[in-house]
Amino acid sequence: MSGHLTYQPQNAFMQWMERRLPIAGLVYSSFVVYPTPRNLNYWWTFGGILSFMLGVQIITGVVLAMHYTANVDLAFNSVEQIMRDVNYGWLLRYLHANGASMFFLAAYIHMFRGMYYGSYKEPREVLWILGVILLLLMIMTGFMGYVLPWGQMSFWAATVITNLFSAIPLVGESIVTWLWGGFSVGNPTLKRFYSLHYLLPFVIAGVVVLHVWALHMVGQNNPTGIEPKTDRDTVAFTPYATIKDGFFMVVFCILFAWFVFYIPNFLGHPDNYIPANPAVTPTHIVPEWYYLPFYAILRAIPNKLLGVIALGASIVILAFLPWLDTSKVRSARYRPLYRQFFWTFVIVCIGLGWLGSKPPEGNYVLFARIFTVYYFAYFLVILPLLGKIEKTKPLPNSIAESVLLEGKPIGAPAPPPPLAKA
């Protein structure tokens, strides 16, 4: 790597500041000269995209909160007023609503990439667990935000989901009453959800700081799954990674803008554009698309308590992935058998999402149960066994060697290192 490894300010004021509050030095060491594996591909850009989307959600959410009224009689109309009377209110609302979908899309891709390349394995267990905690916080925040427009689907989704806690023995009914602030979903419920929806993004931002800190402590994983050994294996974060991140962030923003400006209501449910009516139950109650796989798992279990347990376990089990996968090889590039089961798992997750949008009847329930069994079998049976029986491909000796050998058959001799200049 070229350049200084430590920050050396040239300006007198920055020298004075650096001795008292070394923020510039922290940024320099973390985002400029930070050693990055030289073989990172575009799947690694979604971490930066997630940080950008979090910023978009917080900024638009704060401005929207200035105009929103958390009252069951006024909430729906206040959203309509934002759309019609607030300067660029329509843009803020569409950015926030579609931004939630883009946030979850990037998060799911980010997690699937981590699973494919083994980014949860030692020494990155805490990094992975913090990611699972972020997913849980995102799910909670997104659900509470879905309730705020107080449309038909908002009201009934809140009723159905909060009622799930009643399945917990002994304390379930008390928890539901506390969540509702009474004996049905009403004004106290809306105010609770509004307060928490405003607060939790800042909690997410705090956990993101811990996530990035943990990442910088153990270093980034890479497509080969082997650790950097020499300076030839790494490059400076800036400009190499920042240019790649910036380019793909622009590509992602084009997709985001397409939804915002051309099909802003495509991902919303039509019933949620009708004011909430406790006396009229929608024909088919569904959550937002990013909850549908978990919703399908919940409905696949005929017993309410067991369904709630399966729902919670489908997320919590992700935190135990570092110990459930017994293979010593990280990357799926060198695990041919694992690769087949992984892509089957991805298809199953997409299938569960589709099944979650369908009525809980007939073959939809049957396939949801089959897919649910595979979902849990993947973690509890397949991964532990694969680590013991799978024959993996030979790993390259270094990241630099894997880059030089890219496109060549495994086992081919590595080209000699470039001669040092006299």
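The values are calculated or read from the model by the stated rules, or taken from the named source; none is laboratory data. Since the model is a prediction, treat every value here as computed from it, not as a measurement. FYI the Cβ positions are ideal-geometry reconstructions off the backbone, even for glycines, and counts take in every protein chain you see.
Quick check on region 213-246: of everything there that is hydroxyl-bearing (Ser, Thr, Tyr) and in a loop (DSSP other than H, G, I, E, B), which residue is farthest from Lys121 (Cα to Cα)? Before you say what the answer is, go through the steps one by one.
Initially, region 213-246 is screened for residues hydroxyl-bearing (Ser, Thr, Tyr), giving 224, 230, 234, 238, 240, 242.
Still in the list and also in a loop (DSSP other than H, G, I, E, B): 224, 230.
Numbers: Thr224: 13, Thr230: 21 Å.
Checking each candidate, the answer is Thr230.
Please tell me if Lys191 is in a helix (DSSP H, G or I), closer than 30 Å to Met83 by Cβ, assigned by TED's automatic domain parsing to the domain that holds Phe76 and touching a residue at least 60 places away in the same chain (Cβ under 8 Å). Spelling it out, Lys191 is indeed in a helix (DSSP H, G or I), closer than 30 Å to Met83 by Cβ, assigned by TED's automatic domain parsing to the domain that holds Phe76 and touching a residue at least 60 places away in the same chain (Cβ under 8 Å).
Within region 278-300, identify whether any single residue is touching a Lys or Arg at 6+ places or on another chain (Cβ under 8 Å) and outside the structural domain of Asp73 (by TED's automatic domain parsing), and answer yes or no.
If we filter region 278-300 for residues that are touching a Lys or Arg at 6+ places or on another chain (Cβ under 8 Å), which is where we start, we get 300.
Remaining after also requiring outside the structural domain of Asp73 (by TED's automatic domain parsing): 300.
Yes, region 278-300 contains a residue that is touching a Lys or Arg at 6+ places or on another chain (Cβ under 8 Å) and outside the structural domain of Asp73 (by TED's automatic domain parsing).
For the residues Ile168, Ile139, the requirement of being under 23 Å from Leu210 (Cα atoms) and of a type outside the set (Gly, Ala, Ser) singles out Ile139. Within region 269-286, being buried (at least 21 other Cβ atoms within 10 Å of the Cβ) and not in a helix (DSSP H, G or I) holds for His269, Ala276. Take region 368-394 and flag every residue that is farther than 16 Å from Tyr116 by Cα and not in a helix (DSSP H, G or I). Listed by number, the residues that qualify are Lys391, Pro394.
Test Leu5 against the stated conditions and say whether it is at pLDDT 90 or above, outside any helix (DSSP H, G or I) and not polar (S, T, N, Q). For Leu5, the condition - at pLDDT 90 or above, outside any helix (DSSP H, G or I) and not polar (S, T, N, Q) - is not met. Considering region 288-326 alone, what residues qualify as being outside any helix (DSSP H, G or I) and crowded, with 21+ Cβ neighbours inside 10 Å? Glu288, Asp325 - these are the residues of region 288-326 that are outside any helix (DSSP H, G or I) and crowded, with 21+ Cβ neighbours inside 10 Å. Evaluation of Ile175 against the conditions (1) within 22 Å of His269 (Cβ to Cβ); (2) modelled with pLDDT under 95; (3) in a helix (DSSP H, G or I) shows that the sole unmet condition is (1).
Could you list, in sequence order, all residues of region 91-106 that are without any contact (Cβ under 8 Å) to a residue 60 or more places away in the chain and of a type in the set (A, V, I, L, M, F, W, C)? Result: Leu92, Phe103. Filtered by the rule that a residue be assigned to a helix (DSSP H, G or I), surrounded by fewer than 19 Cβ atoms within 10 Å (Cβ to Cβ) and in contact with a helix residue (DSSP H, G or I) (Cβ under 9 Å, 6 or more places away or on another chain), region 25-46 gives Gly25, Ser29, Ser30, Phe31, Tyr42, Trp43. Taken over region 253-267, residues that are touching a helix residue (DSSP H, G or I) at 6+ places or on another chain (Cβ under 7 Å) and part of a loop (DSSP other than H, G, I, E, B) amount to 3.
Just checking, does region 243-262 include any residue being more than 23 Å from the chain's Cα centre (by Cα) and either surrounded by 18 or more Cβ atoms within 10 Å (Cβ to Cβ) or not basic (Lys, Arg) (or both)? Give the derivation first.
Pass one, region 243-262, residues more than 23 Å from the chain's Cα centre (by Cα): 261-262.
Retained after the next criterion (residues that are either surrounded by 18 or more Cβ atoms within 10 Å (Cβ to Cβ) or not basic (Lys, Arg) (or both)): 261-262.
Among the residues of region 243-262, at least one is more than 23 Å from the chain's Cα centre (by Cα) and either surrounded by 18 or more Cβ atoms within 10 Å (Cβ to Cβ) or not basic (Lys, Arg) (or both), which makes the answer yes.
Here is a yes/no grid of residues against (1) over 21 Å from Pro201 (Cα atoms); (2) of a type outside the set (Ser, Thr, Tyr):
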| position | (1), (2) |
| --- | --- |
| Leu74 | yes, yes |
| Tyr88 | yes, no |
| Leu91 | no, yes |
| Gly145 | no, yes |
| Gln152 | yes, yes |
| Thr177 | yes, no |
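Summed over region 366-395, the residues that are over 30 Å from Glu227 (Cβ atoms) and within 27 Å of the chain's Cα centre (by Cα) give a count of 11. Please work out which residue is surrounded by the fewest Cβ atoms within 10 Å (Cβ to Cβ), limiting yourself to region 375-403 and to residues that are among the hydroxyl-bearing types (Ser, Thr, Tyr) and over 20 Å from Asn221 (Cβ atoms). Ranking the qualifying residues of region 375-403, first place goes to Tyr378.
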